[in-house]
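Q: The structure follows.
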Number of protein chains: 2
Amino acid sequence: MTATSPRRLHLNAFLMNAGHHDAAWRHPRAQPERVTDLRYFQQLAQTAERGLLDSVFLADGLALGGRVRHNALGGFEPLTLLSALAAVTERVGLIATVSTTFNEPFHTARKFASLDHISGGRAGWNIVTSGTVDEARNFGRDQHLEHRLRYERAREFLEVATKLWDSWEDDAILLDRERGVYADTDKVREIGHRGEHFGVRGPLNVPRPPQGHPLLVQAGSSEDGKEFAARYAEAVFTAQQTLADGQSFYKDLKSRLARHGRAEDQLLVLPGIAPVIGSTEAEALALERELTELQVPEYGIAQLSGMLGTDLTGLPLDGPLPELPGERDINGNKSRFTLVAELARRDGLTLRELIARLGAGRGHRVFAGTPDQVADQLEEWFTQGAADGFTIMPPHLPGGLEDFVDHVVPILQRRGLFRTEYTGRTLREHYGLPRPANRLAPAVAAEGRPA
Amino acid sequence: MTATSPRRLHLNAFLMNAGHHDAAWRHPRAQPERVTDLRYFQQLAQTAERGLLDSVFLADGLALGGRVRHNALGGFEPLTLLSALAAVTERVGLIATVSTTFNEPFHTARKFASLDHISGGRAGWNIVTSGTVDEARNFGRDQHLEHRLRYERAREFLEVATKLWDSWEDDAILLDRERGVYADTDKVREIGHRGEHFGVRGPLNVPRPPQGHPLLVQAGSSEDGKEFAARYAEAVFTAQQTLADGQSFYKDLKSRLARHGRAEDQLLVLPGIAPVIGSTEAEALALERELTELQVPEYGIAQLSGMLGTDLTGLPLDGPLPELPGERDINGNKSRFTLVAELARRDGLTLRELIARLGAGRGHRVFAGTPDQVADQLEEWFTQGAADGFTIMPPHLPGGLEDFVDHVVPILQRRGLFRTEYTGRTLREHYGLPRPANRLAPAVAAEGRPA
């Protein structure tokens, strides 16, 4: 993005089985019977691409939990699914969640390098540290690694992964058939990493990715999470309920960048929003009510118990929340805990009301309205210092994404807020982010950075 | 396969960058500039499917080694690549190599379950234990795990993976919108595994794969490897140089099945063959010579040193092999060591001759001839008790696979040895192998097994 081009917002479609609303699968417009069918996700990705969206995104967890009794689950491993989608799309970015707590950097770096090549430079990695003991129990541990230790491991993991991507210089492949030299091995280096958590000699067995590194994304908003994001992330997914909260988070995060030698435009803040879209406001509100009425209370209580680190089973649905622990005692998603606890306190919600409020977005902002009203909301946050773009969480799929692409995107385009064609090929180009220099190459200064 | 249908052979296309010959990338018909391009592999997979082949297969290693100076490397992580190929093919099976030594069973089981769903039941897993210290050094270990321990870990890994695939019954998904019940959680079980190497509570977070389990493939031919194959594998890739060796291996492996309660037709033996095809025998031999002349001796010596666990650098190319260690002292690929050592001894080969002999197939059988002569070779092994089918290793790609599909497959079809259309949808159906019963479901007897 040059100084003279107009500032444009970025849109990331968060794909989630039958939709983000926890009762979406029961809605007549949803297609839960297709959530294990590649063609379903292919259609979603192609819809996002038709709307010129920057990217599609898949969250991930490494345990089933009890969620599957009352909610449609596909559960495909995100990189596997996105790689299949790479083959049937041309431009849209592909962002996969992978945990640094339960993986090895060599595998993870290699898979993202592979996806980046396969997709022609469209791979992004949402870096998570995983928050639940259920996940630990699938990997030989009875206790979950402590929050701060998870972030320590994540930092070392990122150092190793970036070195592995940099272990090949961009021009290492010579392809000299005459002399029989395929690669200049002076430009392919061991990384010789020996740290607290990992020992990795390298080099990677895949050439440097088209984007240099895949786009690095982070979604934790705790203190550790924000510091990690300020150091490594190029896009941040975050849950913010009000404009004031959004502005405060935006300012906080951007202000941390300078300490790491980074400019403010090197990290994009993309708050989540679950838009419940109707052709009239009444229709949108009716859809929202309809989804709420389809909620299964046991499911809502189980989800809420997980978010709050507190077993709420058996408590009266029309009563208040019980006394909660402090954030410091939460070893899962700390920022989500605080957000939900504050939401309940601020609005004096009963358990039933809180479950209804969280149904569509699990703590992300929900907004019901017409396409114009949705566009107004996005414009307000974008122009008022709360967002560089948005993570769109359609309450039901595929219809909710189609409604957004067909009705909200054209309004954003008319207002000059969103692209009218893809001007780049890679995910970094869509997001206006530079291709990273190779830190292991001798002459970093000679490497091109976009103007 | 019923008793009355004619016995048909199976064909598995082993895809390898610019081709299996180590100098293929220098040949004018090869396209090494495309080995990091998805469309290249897409074209190869579609060629295999046009030929009605049972499957395509990708080998794997978890370290670069020094190979890249003189040979074209794609190096994509196999599951990532095969998932992309699943989206652009309809019928051909997709077999990925994944190591049990450097992975976690939860991840591996989940990825294969994902690929099996994404491909509509076409996933296969070539189970390897990884053979080099270079790989260990990318995963925090200075020494490679000892051969027998690797197989012990592999056995436990397989036990966990199969339990995870069986952690959902086939009919666990109810999709009862009215009652709000997506899955019958009485049919989704924890596996509670606590063993020597792994602790995995489960269940898997992906429903049972369409094939029940992906097809299980094994390629090690050591004593440990053969015992592992007899217990778990449904297809075995093997390197055998002569008909007599092929017959002896075939008989040995099949005779081990009864001890594990398995019938002989529950495991297919698919020896590798690198067919160097010409429209005349002279043309085929000329192509073979041409490829040999393109070999880079340093590369051949390095490869041979690896196979023999002996540094051969600096030895005279026209001299004999030095004294070698015994197989028991080899901690890598034991059976390949023995095959190469015996080949050199039997035919009294110099280093240069041995490198030429190994160039096209790395120890797999190489045969140069016309399409009819190649078909004769396949028919002989198939009818003389040495093979249930073949792993086809084209010396150069994409041309070598096209030649096989366009000229050898029609001959096999005319002889009644190979299918003239796909009759099944899944990889197991192509190979005539049963869908495994769910061992964790209470009424195993009630589960259907193909007649």
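The values are calculated or read from the model by the stated rules, or taken from the named source; none is laboratory data. Note that the structure is predicted; figures quoted are calculated from it, not measured. Cβ sites come from the backbone with ideal geometry, for glycine too, and all protein chains shown count toward neighbours.
Q: Of everything in region A:31-58, what is assigned to a loop (DSSP other than H, G, I, E, B), touching a Gly at 6+ places or on another chain (Cβ under 6 Å) and not acidic (Asp, Glu)? Give them in sequence order.
A: Step one: filter region A:31-58 for residues assigned to a loop (DSSP other than H, G, I, E, B), giving A:31, A:35-37, A:51-54.
Restricting the remaining residues to those that are touching a Gly at 6+ places or on another chain (Cβ under 6 Å) gives A:35-36, A:54.
A:Val35, A:Thr36, listed by residue number.
Q: Next up: Among residues belonging to region B:203-215 that are surrounded by 24 or more Cβ atoms within 10 Å (Cβ to Cβ) and away from chain A (no Cβ under 11 Å), point out the one that is farthest from B:His260 (Cα to Cα).
A: My answer is B:Gln211.
Q: Exactly one condition in (1) touching a strand residue (DSSP E or B) at 6+ places or on another chain (Cβ under 7 Å); (2) over 29 Å from B:Thr426 (Cα atoms); (3) free of Cβ contacts under 8 Å to residues at least 60 places away in the same chain is false for B:Asn138; which is it?
A: The one condition B:Asn138 does not meet is (3).
Q: Hey, another quick one. Restricting the search to region B:370-389, which residues are hydroxyl-bearing (Ser, Thr, Tyr) and in contact with a Leu (Cβ under 9 Å, 6 or more places away or on another chain)?
A: Correct list: B:Thr383 only.
Q: Between B:Val181, B:Val200, which is at the interface with chain A (Cβ under 9 Å from one of its Cβ atoms), of a type in the set (A, V, I, L, M, F, W, C) and over 23 Å from B:Leu115 (Cβ atoms)?
A: B:Val181
Q: Can you report the number of residues in region A:377-420 which are in a helix (DSSP H, G or I) and of a type in the set (Gly, Ala, Ser)?
A: Count: 2.
Q: Also: Consider region B:37-68. How many of its residues are farther than 13 Å from B:Pro398 by Cβ and aliphatic (A, V, I, L, M)?
A: 9
Q: If a residue has to be surrounded by 20 or more Cβ atoms within 10 Å (Cβ to Cβ) and of a type in the set (S, T, N, Q) to count, how many in region A:132-177 make the cut?
A: Matching residues across region A:132-177 total 3.
Q: Another question, if that's okay. Just the residues that are acidic (Asp, Glu), more than 20 Å from the chain's Cα centre (by Cα) and more than 7 Å from every other protein chain (Cβ to nearest Cβ), please, taken from region B:21-41.
A: Hit for region B:21-41 is B:Asp37, nothing else.
Q: Can you tell which of A:Leu44, A:Leu82, A:Leu94, A:Leu52 is in contact with a Leu (Cβ under 7 Å, 6 or more places away or on another chain), surrounded by fewer than 23 Cβ atoms within 10 Å (Cβ to Cβ) and more than 7 Å from chain B (Cβ to nearest Cβ)? Before you say what the answer is, go through the steps one by one.
A: Values: A:Leu82 fails: surrounded by fewer than 23 Cβ atoms within 10 Å (Cβ to Cβ); A:Leu94 fails: surrounded by fewer than 23 Cβ atoms within 10 Å (Cβ to Cβ); A:Leu52 fails: in contact with a Leu (Cβ under 7 Å, 6 or more places away or on another chain).
Answer to the selection: A:Leu44.
Q: When you look at B:Gly261, is it more than 30 Å from B:Ala72 (Cα to Cα), touching a Pro at 6+ places or on another chain (Cβ under 8 Å) and among the small types (Gly, Ala, Ser), yes or no? Step through it out loud before you land on a result.
A: On the way: more than 30 Å from B:Ala72 (Cα to Cα): yes; touching a Pro at 6+ places or on another chain (Cβ under 8 Å): no; among the small types (Gly, Ala, Ser): yes.
Judged against the criteria, B:Gly261 is not a match.
Q: For a quick check of your reading: which helices (runs of 4 or more DSSP H) sit entirely within region A:275-376 and have at least 3 residues that are in contact with a helix residue (DSSP H, G or I) (Cβ under 9 Å, 6 or more places away or on another chain) and over 29 Å from A:Ala30 (Cα atoms)?
A: Values: elements: A:281-293, A:297-308, A:334-347, A:351-359.
Counting at least 3 such residues, we get A:334-347.
Q: Can you confirm whether B:Gly61 is in a loop (DSSP other than H, G, I, E, B), more than 8 Å from chain A (Cβ to nearest Cβ) and surrounded by fewer than 21 Cβ atoms within 10 Å (Cβ to Cβ)? Spell out the reasoning first.
A: On the way: in a loop (DSSP other than H, G, I, E, B): yes; more than 8 Å from chain A (Cβ to nearest Cβ): no; surrounded by fewer than 21 Cβ atoms within 10 Å (Cβ to Cβ): yes.
Considered against the rule, which asks whether it is in a loop (DSSP other than H, G, I, E, B), more than 8 Å from chain A (Cβ to nearest Cβ) and surrounded by fewer than 21 Cβ atoms within 10 Å (Cβ to Cβ), B:Gly61 comes out as no.
Q: Which of the residues that make up region B:233-245 are buried (at least 21 other Cβ atoms within 10 Å of the Cβ) and either out of contact with any Ser or Thr (no Cβ under 8 Å at 6 or more places or on another chain) or in a strand (DSSP E or B) (or both)?
A: Within region B:233-245, B:Ala233, B:Glu234, B:Ala235, B:Val236, B:Phe237, B:Thr238, B:Gln240 meet the criteria.
Q: Can you find a residue in region A:420-434 that is more than 30 Å from A:Leu164 (Cβ to Cβ) and surrounded by 24 or more Cβ atoms within 10 Å (Cβ to Cβ)?
A: no
Q: Same structure again: Sort out which residues of region B:7-37 are surrounded by 23 or more Cβ atoms within 10 Å (Cβ to Cβ) and more than 23 Å from B:Gly363 (Cβ to Cβ), and write them in order of number.
A: Result: B:Thr36, single match.
Q: Hey, among A:Gly400, A:Gly385, A:Gly369, which residue is in contact with a Gly (Cβ under 9 Å, 6 or more places away or on another chain), under 24 Å from A:Val276 (Cβ atoms), surrounded by fewer than 23 Cβ atoms within 10 Å (Cβ to Cβ) and touching a residue at least 12 places away in the same chain (Cβ under 8 Å)?
A: Answer to the check: A:Gly369.
Q: Moving to a separate point now. Write out, first by first residue and then by second, each pair whose Cβ atoms fall under 7 Å of each other, whose residues are 6+ apart or on separate chains, and whose first residue, in region B:72-96, is in contact (Cβ under 8 Å) with a residue 40 or more places away in the chain and farther than 14 Å from A:Leu82 by Cα while the second is of a type in the set (Gly, Ala, Ser) and part of a loop (DSSP other than H, G, I, E, B).
A: As it stands, the answer is B:Ala72/B:Ala18; B:Leu94/B:Ser119, since those pairs meet every condition given.
Q: Please go through (1) buried (at least 20 other Cβ atoms within 10 Å of the Cβ); (2) closer than 26 Å to B:Ala386 by Cβ for B:Leu285 and return the number of the only condition it doesn't satisfy.
A: That leaves (1) as the condition not met.
Q: Looking at region B:228-267 only, could you name the residues that are within 18 Å of B:Arg7 (Cα to Cα), touching a residue at least 12 places away in the same chain (Cβ under 8 Å) and of a type in the set (Gly, Ala, Ser)?
A: The one that is within 18 Å of B:Arg7 (Cα to Cα), touching a residue at least 12 places away in the same chain (Cβ under 8 Å) and of a type in the set (Gly, Ala, Ser): B:Ala235.
Q: Related question: May I ask you to say which residue of A:Ile127, A:Ile191 is under 22 Å from A:Thr100 (Cβ atoms) and within 12 Å of another protein chain (Cβ to nearest Cβ)?
A: A:Ile191
Q: Which numbered condition trips up A:Ala72, out of (1) under 18 Å from the mean Cα position of the chain (by Cα); (2) at the interface with chain B (Cβ under 9 Å from one of its Cβ atoms)?
A: Of (1) under 18 Å from the mean Cα position of the chain (by Cα); (2) at the interface with chain B (Cβ under 9 Å from one of its Cβ atoms), only one is false for A:Ala72: (1).
Q: On to the next question. Condition check: more than 7 Å from every other protein chain (Cβ to nearest Cβ), without any contact (Cβ under 8 Å) to a residue 40 or more places away in the chain and out of contact with any Cys (no Cβ under 9 Å at 6 or more places or on another chain). Does A:Ser99 satisfy that?
A: Values: more than 7 Å from every other protein chain (Cβ to nearest Cβ): yes; without any contact (Cβ under 8 Å) to a residue 40 or more places away in the chain: yes; out of contact with any Cys (no Cβ under 9 Å at 6 or more places or on another chain): yes.
Answer is yes for this residue.
Q: If you don't mind, there's one more thing I want to ask. Does region A:327-349 hold any residues that are at pLDDT below 85 and exposed (fewer than 12 other Cβ atoms within 10 Å of the Cβ), and which are they?
A: Within region A:327-349, A:Arg328, A:Asp329 qualify.
Q: Here are B:Ser221, B:Ser167: which of them is polar (S, T, N, Q) and at the interface with chain A (Cβ under 9 Å from one of its Cβ atoms)?
A: Of B:Ser221, B:Ser167, the one residue that is polar (S, T, N, Q) and at the interface with chain A (Cβ under 9 Å from one of its Cβ atoms) is B:Ser167.
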